[in-house]
Amino acid sequence: MMDGFTDTLKVFLDGVGIFFIVYLIGYSTFLFASVVVGSITLFQEERKRKLRNILATDFYIPISIVVPSYNEEITVVSTVKSLLSLDYKSYEIIVVDDGSKDDTSQKLIEAFHMHQVQMPIRRQIPCQQEEFVFLSTTEKVRLTLIRKRNGGKADALNMGINAAVYPYFICIDADSVLQYNSLTNIAKPILENENVVAVGGCVRPCNGVEFENCRVKKYRLPKNLLACMQVLEYDRSFLASRILFDKFNGSMIISGAFGLFRKDVVISAGGYDTRTMGEDMELVVKLHDYCVSNGLPYLIHYAVDAICWSQVPESYKDLCKQRRRWHVGLFQSLYKHRRIIGSTKYGALGYISYLYFLLYELLSPYIEVFGVLTMAIAYMADLINVTFMLLFMLIYAVYGAVLSLTAFFARIYTADLHTTGRDMGKAVLLCLFEVMVLRFGLAFVRATALIGYKKKKHVWGRIERKKIDLR
């Protein structure tokens, strides 16, 4: 009887082992291809920049910058000051205070000498009612503050779109800093092709970075080790999949921290969905769906040289809250637009991008947790070669670490940043820990993210903020 159970368990574990080998080979191959394509693209863009093979900067598209904020009194003034220093000729800034409980609005009113105005807002997209509107006419561009009833980040973004004067708008988080040339760089794809309806920017952690006039004055890795590992993670993520998906119009996400959109198309598609936590991804997938369903020629691009510097969590508790929210948003977006999967109507988006996000993003934490439990069962049943298992995991970790370091150093070189030998050593040492420890810790967090998410679907994701080092 016991022998029969052991044989059955062995067959089961053999099947699980084959599945994981295929799964890891698939992910490793994709990651390798992504990093190679991403690195080549970065070096090509750097070469073009050095040869001045770029569009003439005399052409600009007017842009509305929407800054949704909730309890951002610590960072919002610094963010707006940085936006006023951008090297761009035609833009406006709209800060939407989503019913903050702190002094977010008052800080802005005092810092920029704003005065209250009666400004009718045409609601082309539904959103909560505004409470008051303030305007500043003393700055180089139009600066508007709209205080509204609390409705969540997506609702605040919809208010900003309704109030926007210009045909294109940018969304930026209230704890972020745009690099001085970011607007110019993110607008280039639209100047090159009129069918572009959205452009994603590159988000990099600003923890530990010093700025002067929206330029990086001093670049160094954060002292906080958790933030430091996120630098490696961000560089791998933005260098890898986003550049590769961009090659076949398969981008499914534009970070909520920095993205450019064509206003009329977004309004026609219905704006941001206030019922989802992942409003940034949901909007991009919705734009794909809307344009394909209506037979509209369109492109969604990624601008590798449009840089937004944003704060990342420095405590594990805040990081877990952020990743739970991201995972719930991913689930909501994929489930809502599930008809895309495998559909030839959507091209590579349906059978490459969607499958990637389903298998290697949404389901990956459950697969990884299941894998750990399976190894524990196999060990207790004495059905595993421990030496081989450890060697296999080490090889996989080194492989992932090498790709992370490749992405990190490619970013450093092509962005003309300078780092110290100490930071290089820190990156090398932490990359293994990030792949082997942090990744599995966050896998468990993401695996439990869907528990009770409906109760908090309109709650802003709050993390502890610090003042950004601006000069």
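Things to note:
- Couplings 3J(HN,Hα) of segment 392-403, computed from phi: 4, 5, 5, 4, 5, 5, 5, 4, x, 5, 4, 5 Hz, in residue order, whole Hz [Karplus 6.51 cos²θ - 1.76 cosθ + 1.60, θ = phi - 60°; x for Gly and Pro].
- The chain - share of DSSP beta bridges that are antiparallel (%, nearest 5): 50 percent
- Residues whose amide H falls under 5 Å from that of TYR91, counting only those 5 or more places apart or on a different chain, are ILE63, with hydrogens built in the peptide plane.
- The chain: angle of helix 225-239 to the longest principal axis, Cα-based, in degrees nearest 10: 80 degrees
- Protection proxy ranking of 324-335, 302-313 - average other beta-carbon atoms within 10 Å, highest first: 302-313, 324-335
- Highest mean packing first, where packing is the average number of other Cβ atoms within 10 Å per residue, the peptides 60-68, 161-169, 213-221 line up as 60-68, 161-169, 213-221.
- Hz values of 3J(HN,Hα) by residue in segment 280-290 - Karplus curve (6.51, -1.76, 1.60), Gly and Pro given as x: 5, 5, 4, 5, 5, 5, 4, 5, 4, 4, 5
- For the chain, adding -39500 (n - 2.57) for each run of n ≥ 4 DSSP H residues and dividing by the number of residues yields -15500 deg cm²/dmol at 222 nm.
- Overall, the anisotropy analysis places segment 57-355 in the rounded class: the square-rooted eigenvalues a ≥ b ≥ c of its C-alpha gyration tensor yield a/c less than 1.5.
- 3J(HN,Hα) along segment 304-319: 5, 9, 9, 9, 10, 9, 10, 6, 10, x, 10, 10, 5, 4, 5, 5 Hz, from the Karplus curve 6.51 cos²θ - 1.76 cosθ + 1.60 with θ = phi - 60°, whole Hz, x for Gly and Pro.
- Unsatisfied cross-links (Cα-Cα over 18 Å) in the set LYS217/LYS426; LYS101/LYS148; LYS286/LYS345; LYS263/LYS286: LYS217/LYS426
- Residues whose amide H lies under 5 Å from that of GLN311, counting only those 5 or more places away or on a different chain, are CYS206; hydrogens are built 1.01 Å from N in the peptide plane.
Every number in this text was worked out from the coordinates using simple rules, so none of it is lab data. Remember, predicted model here, so these are calculated numbers, not experimental data. Backbone-built Cβ (ideal geometry, glycine too); neighbour counts: all protein chains shown.
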